[in-house]
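Step one of this worksheet: look at the structure below.
The values are calculated or read from the model by the stated rules, or taken from the named source; none is laboratory data. Here the structure is a predicted model, which is why all the values come from computation and not from measurement. Glycine gets a Cβ as well: all are built from the backbone with ideal geometry, and neighbour counts include every protein chain shown.
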Amino acid sequence: MNHHKLSGHLCALAAGLLGALCLQVAQAQAPAPGRAPQAPAAAPAQISRDAQRAYETTRDKLVQIRTLLRNSNTQASVGSGFFVSANGLIITNFHVASQLALEPERYRGVYVPVDGKEAEVELLAFDVRNDLALLRVKVPTSAMPQLAFRGADRPLARGERIYSLGNPLDIGFAVTEGTYNGLVQRSFYPRIFFGGALNPGMSGGPALDDAGQVVGVNVSKRLDGELLSFLIPAEFAQALLAKAASAKPITKPAHAEVARQLGEHQTLLTQKFTAAPLTPQKHGGYSVPVPEDSLARCWGRGREPDFKAFDLERTDCQIDSHVFAGDFNTGYIRLRYEAYDAPKLGPLRFAVMYSQSFGNEYFSTRGSRKATAAECSERFVDTGGMPMRAVVCMSAYRKLPGLYDVSVLTMSVNQSTRGVQGRMDAQGVSFDNGLKLVAHYLSGFKWEAAP
């Protein structure tokens, strides 16, 4: 089944050793016709007093988080964070501190405040689903300054100013001014739509309101747009702080805890997906299942000029439920379809083309560092009065016990010059839930009389 691969449009904001620096160049206004150009008068610097106040009142509570290789003491990644208690507790992103959770024997963490005096930190707890981590300064020198959270009784209003702070690209501490635009639609977990610029290295930094109180935590941005950034609502950071403020440091690889939290995520994802009725999408006499609009966004394409002998329609749907799990993303469901109508080809030529398209699909049969090789099972099934060929494949995660990647590839075999092919991929699910997802998906295919 040939398909159009959609590129990822979200990026986390922890910066590695390399990063792209974007410079904006202002274009001078041309002089009016018939007038000699004049030297512009020196204009006073334009300073946002609110942003300046946000930075000045927060700078002693803002830190950079660095992950270092223990052997060479070289920097592996950088992010940002902020103090939330007098005894040196720091909130940041899980993707900033993940190496401390999964490879503590190889990496160590340090924090660097505005004055540049580096000191060690230890990881106390993390929330994989909401991409948060709680660190603690190993040896607090004195009572640490701390940021306060905005109360739940004061919800943000759309258009309210927000000030995001962090250390972009390891250049230096900075403040970015933007607006609150509500919560992101179709996001599996609540995310704040921040109309401002975030850059790598700002992950884990605080986002403040006009009063200097934390309303969110920097986490990611869209790569295909401008000023499309995202924050984790402060309530999740508060919950992690309340739960783990007195926890013991994590000193051994925490794969089991990561797997446990991902297990909770995939259970919730499976429940939501199977509970929501799949919407029938019509292709001639075929009906294929797509998620309801509130759960996933779908994109479609019609006939392409390269295919002159037949009509081809494609649909691609993905649930925005991916979760960062260390050095990869997991925990999402994607559905794709292709509908063929080729009366000009004839049955034999159509069967050859149709089968080749089905056979072009890729499954990892060699395995990887992340997962074992896929094991597949093929059979013919009847669903909605329509015979179909179905292939189900599973591969197990090597370091996250109980989790699998599941794929099902199917094609109709009831018509001689038309048909539909579909594929569903679910990442990071349990064996039983993988089978539930496959059954729910296959039940949505039907053959109906052509209009």
Output yes when any residue across the range 419-440 is in the same structural domain as S321 (by TED's automatic domain parsing) and more than 33 Å from the chain's Cα centre (by Cα), and no when none is.
-> yes
Pick from the range 179-229 the residues that are of a type in the set (K, R) and not in a loop (DSSP other than H, G, I, E, B): which of them is nearest to V63 (Cα to Cα)?
-> K221
Test result for C317, among the hydrophobic types (A, V, I, L, M, F, W, C), buried (at least 20 other Cβ atoms within 10 Å of the Cβ) and under 18 Å from the mean Cα position of the chain (by Cα) | yes
For residues that are over 20 Å from the mean Cα position of the chain (by Cα) and among the small types (G, A, S), scanning just the range 250-266, find the one that is surrounded by the most Cβ atoms within 10 Å (Cβ to Cβ).
-> A254
Out of (1) over 21 Å from G284 (Cβ atoms); (2) small (G, A, S); (3) outside any loop (DSSP other than H, G, I, E, B), the one A351 does not meet is (1)
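Within the range 54-113, how many residues turn out to be among the aromatic types (F, W, Y), farther than 19 Å from A254 by Cβ and touching a helix residue (DSSP H, G or I) at 6+ places or on another chain (Cβ under 8 Å)? Don't jump to the end; show me each part of the working.
Taking the range 54-113 first, the residues among the aromatic types (F, W, Y) are 55, 82-83, 94, 107, 111.
Pick out the ones that are also farther than 19 Å from A254 by Cβ and you get 55, 82-83, 111.
When the remaining residues are screened for being touching a helix residue (DSSP H, G or I) at 6+ places or on another chain (Cβ under 8 Å), the result is 82-83.
Of the residues in the range 54-113, 2 are among the aromatic types (F, W, Y), farther than 19 Å from A254 by Cβ and touching a helix residue (DSSP H, G or I) at 6+ places or on another chain (Cβ under 8 Å).
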From A247, A242, residue being touching a residue at least 40 places away in the same chain (Cβ under 8 Å), over 30 Å from D432 (Cα atoms), more than 21 Å from the chain's Cα centre (by Cα) and loosely packed, with under 15 Cβ neighbours inside 10 Å = A247
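Residue by residue through the range 265-282, note down the ones that are of a type in the set (A, V, I, L, M) and modelled with pLDDT of 95 or more. Spell out the reasoning first.
Pass one, the range 265-282, residues of a type in the set (A, V, I, L, M): 268-269, 275-276, 278.
Matches in the range 265-282: L268, L269.
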Filter the range 138-178 down to the residues that are aliphatic (A, V, I, L, M) and under 23 Å from the mean Cα position of the chain (by Cα), then identify the one that is farthest from T57 (Cα to Cα).
-> L169
Report, ordered by the first and then the second residue, all pairs with beta carbons closer than 6 Å, sequence separation of six or more or different chains, a first member in the range 324-336 that is more than 30 Å from P280 (Cα to Cα), and a second member that is outside any strand (DSSP E or B) and hydroxyl-bearing (S, T, Y).
-> G326/S98
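Filter the range 267-279 down to the residues that are assigned to a loop (DSSP other than H, G, I, E, B) and surrounded by fewer than 18 Cβ atoms within 10 Å (Cβ to Cβ) and list them by number. Can you show your working first?
Taking the range 267-279 as the starting set, the residues that turn out to be assigned to a loop (DSSP other than H, G, I, E, B) are 276-278.
Across the range 267-279, the qualifying residues are A276, P277.
To keep it simple, each residue is scored yes or no on (1) in the same structural domain as L268 (by TED's automatic domain parsing); (2) among the charged types (D, E, K, R); (3) farther than 27 Å from V114 by Cα.
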{"site": "A133", "(1), (2), (3)": "no, no, no"}
{"site": "R136", "(1), (2), (3)": "no, yes, no"}
{"site": "D153", "(1), (2), (3)": "no, yes, yes"}
{"site": "R161", "(1), (2), (3)": "no, yes, no"}
{"site": "D170", "(1), (2), (3)": "no, yes, no"}
{"site": "Q185", "(1), (2), (3)": "no, no, yes"}
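Tell me the residue from S364, S395 that is surrounded by 14 or more Cβ atoms within 10 Å (Cβ to Cβ) and in a loop (DSSP other than H, G, I, E, B), please.
That would be S364, the only listed residue that is surrounded by 14 or more Cβ atoms within 10 Å (Cβ to Cβ) and in a loop (DSSP other than H, G, I, E, B).
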On the given criteria, is L312 assigned by TED's automatic domain parsing to the domain that holds L403, among the hydrophobic types (A, V, I, L, M, F, W, C), in contact (Cβ under 8 Å) with a residue 24 or more places away in the chain and surrounded by fewer than 19 Cβ atoms within 10 Å (Cβ to Cβ)?
-> yes
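Report yes if R59 is assigned by TED's automatic domain parsing to the domain that holds I232, touching a residue at least 24 places away in the same chain (Cβ under 8 Å) and part of a loop (DSSP other than H, G, I, E, B), otherwise no.
Values: assigned by TED's automatic domain parsing to the domain that holds I232: yes; touching a residue at least 24 places away in the same chain (Cβ under 8 Å): yes; part of a loop (DSSP other than H, G, I, E, B): no.
Spelling it out, it is not the case that R59 is assigned by TED's automatic domain parsing to the domain that holds I232, touching a residue at least 24 places away in the same chain (Cβ under 8 Å) and part of a loop (DSSP other than H, G, I, E, B).
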Check S412 against each of (1) surrounded by 14 or more Cβ atoms within 10 Å (Cβ to Cβ); (2) at positive phi; (3) touching a strand residue (DSSP E or B) at 6+ places or on another chain (Cβ under 8 Å) and name the one condition it does not meet.
-> (2)
Pick from the range 367-392 the residues that are of a type in the set (S, T, Y) and in contact with a Ser or Thr (Cβ under 8 Å, 6 or more places away or on another chain): which of them is surrounded by the most Cβ atoms within 10 Å (Cβ to Cβ)?
-> T383
Complete set of residues in the range 186-219 that are surrounded by fewer than 24 Cβ atoms within 10 Å (Cβ to Cβ) and within 13 Å of the chain's Cα centre (by Cα) | R186, S187, F188, Y189, P190, R191
Residue list for the range 232-266, filter: in a strand (DSSP E or B) and farther than 18 Å from A97 by Cβ = P233
